[in-house]
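Only one structure is covered here, and it is reproduced in the block below.
Values quoted throughout were computed directly from the atomic coordinates according to the rules given, and no laboratory measurement underlies them. All of these numbers come straight from a predicted model, not from anything done at the bench. Glycine also receives a Cβ, built like all others from the backbone with ideal geometry; neighbour counts cover every protein chain displayed.
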Amino acid sequence: MNPRINAWDVLTRLLFERVAVSSDAPTVHPQIDGSRTLVENLIALANEALVTGSLRRCLRSVGIFGELESEAQDYLDAYHELNLRRNGIFRERLLECLRTLNAAGIVPMPLKGAAYMLTGLYADPGERYLSDLDILVPEGTMVSAVEALRRIGFREAETPDCDYTKHHHYPPLVRTLDDPAVELHYYPVTHAAAKILPAGELWADAARRHTADCHYMLASPTDTALLCFVHSELGSRHLARFLINLRAYTDLWTLTKSHGKDVHWHTNLSRAKRGPARVLFRKHAAVFETLTGEPALSAQRPSYHAMTYRLCRTALGQPWIIRLAAELDTLSAAQILHAKRTSKMSRRVMIATQARRLRRLLGRWVGRSATPSSSHTMT
């Protein structure tokens with residue numbers, strides 16, 4: 001088996017708790033303890049997916065961490081310590097921004113990683129890696145919010161390659177090299193996805209919270225789950241390029257464990273239809289079910305499990321698949337953007353033709369197994 005695919009199977013089983021948890025972890029211990037290559041690939045994949053902190057926690061929870069070579073242990077411990085310090089700075093700056101906005105009469109809504117940090121979604125504050133701080137502000141308050149942050153030293157970052165005049169958030173605000181970038185959002189998602197998750201619905205379902213003298217709004221678990229989907233699949237388009245955003249699925253899995261009954265998948269499926277993104281949302285749900293073994297959408301068609309996850313997993317060992325998918329995805333987006341005068345049926349035929357071409361190219365690489373469980377001995 002390709003070593004990256006083998007490492008992927010082990011990594012996903014660890015992250016989504018599909019391994020035996022015991023003092024000696026008999027089903028996992030022999031495979032990791034005896035393979036330096038496997039450990040190296042595990043760490044490399046975790047680094048690529050920004051889930052290194054979660055890998056360290058999982059290795060500890062199943063009793064394997066102490067059996068790793070000292071070099072691997074030192075690396076993971078150093079990563080955790082540095083990320084813990086980094087997240088400490090992120091939290092201080094987030095609270096400072098919230099206080100400043102509160103003083104300006106604004107009660108904002110932290111999004112994604114910023115919200116997870118405030119609510120303690122991850123028990124270990126050094127586990128999740130944050131890229132920046134996303135904060136949604138109420139409609140009509142952006143000017144006041146920007147002015148308030150400018151008074152405490154924030155300035156627009158230099159972004160010559162990005163036009164923010166029609167963007168869903170203001171240009172990133174930075175203060176020093178050590179500070180995180182702060183992105184103030186007009187809308188929670190891009191304009192293209194606004195029908196799926198309108199800002200009004202997000203604010204209406206949110207609950208008011210306070211932490212360390214800061215007041216803010218917290219999105220509902222269902223809205224948080226939908227935001228996770230929109231950002232990963234409609235924004236970054238991971239599945240369209242045969243990539244699985246492990247950090248997003250780890251967030252969703254952690255959210256589900258904490259608020260399982262409050263995450264309504266079928267509600268979000270109905271909202272995805274407004275995009276329209278119904279098919280993509282079903283694929284997203286299928287990947288979640290395959291990774292975690294937990295049901296998301298009832299009566300999910302097996303073909304989604306068999307094709308979507310299998311293709312993404314196969315692509316790990318065949319980089320040309322990912323490059324081709326990216327090219328086709330870019331081509332599809334460009335053609336659709338410039339095909340406003342063509343009929344709806346013409347666009348569907350164009351996309352279907354490209355999909356058939358891609359499936360033909362991938363056919364000989366895809367095995368019969370739909371999940372990693374049939375090709376790996378971990379249970």
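Taking 0.36 nm per intervening residue step and subtracting the Cα-Cα distance, what contour gain separates Ala157 from Ser35 on full extension? Can you show the working numbers first?
On the way: separation 122, 0.36 × 122 = 43.92 nm, distance 4.44 nm.
Roughly 39.5 nm would be gained on extension.
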Only four residue types carry charge here, +1 at the Cβ of Lys and Arg and -1 at the Cβ of Asp and Glu. Report the dipole size of the range 89-219 about the Cα centre in Debye, rounded to the nearest 20. 300 debye
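How large is the direction-averaged shadow of the alpha-carbon convex hull of the range 106-241, in nm²? If you can, show how the numbers build up before the last one.
On the way: hull surface 37.5 nm².
Computing the convex hull of the Cα atoms and averaging its projections yields 9.4 nm².
Using DSSP to define loop residues, name the GluC sites (Glu not before Pro) in the range 42-113 whose beta-carbon has at most 13 other beta-carbon atoms within 10 Å.
Glu69
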Take Asp251, Asp161, Asp132 and order them by how many other Cβ atoms sit within 10 Å, fewest up front. Asp161, Asp132, Asp251
What is the spin-label model distance, in nm, from Thr176 to Thr267 if the labels are put 7 Å beyond Cα along the C-beta direction? 4.2 nm
Could you list Trp203, Trp8 so that the one with the fewest beta carbons within 10 Å of its beta carbon is first and the one with the most is last? Trp203, Trp8
How would Thr52, Thr256, Thr119 line up from fewest to most surrounding beta-carbon atoms within 10 angstrom? Thr119, Thr256, Thr52
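For a quick check of your reading of the filter: which trypsin sites (Lys or Arg not before Pro) in the range 147-232 sit in a DSSP loop and have no more than 13 other Cβ atoms within 10 Å? Display every interim value, and only then the final one.
Values: sites: Arg150, Arg151, Arg155, Lys166, Arg175, Lys195, Arg208, Arg209; in loops: Arg151, Lys166, Arg175, Lys195.
When the trypsin sites (Lys or Arg not before Pro) of the range 147-232 are filtered for loop state and at most 13 Cβ neighbours within 10 Å, Arg151, Lys166 remain.
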Take the alpha-carbon centre of the range 66-80, take the same for the range 245-270, and report the distance between them in whole Å. 30 Å
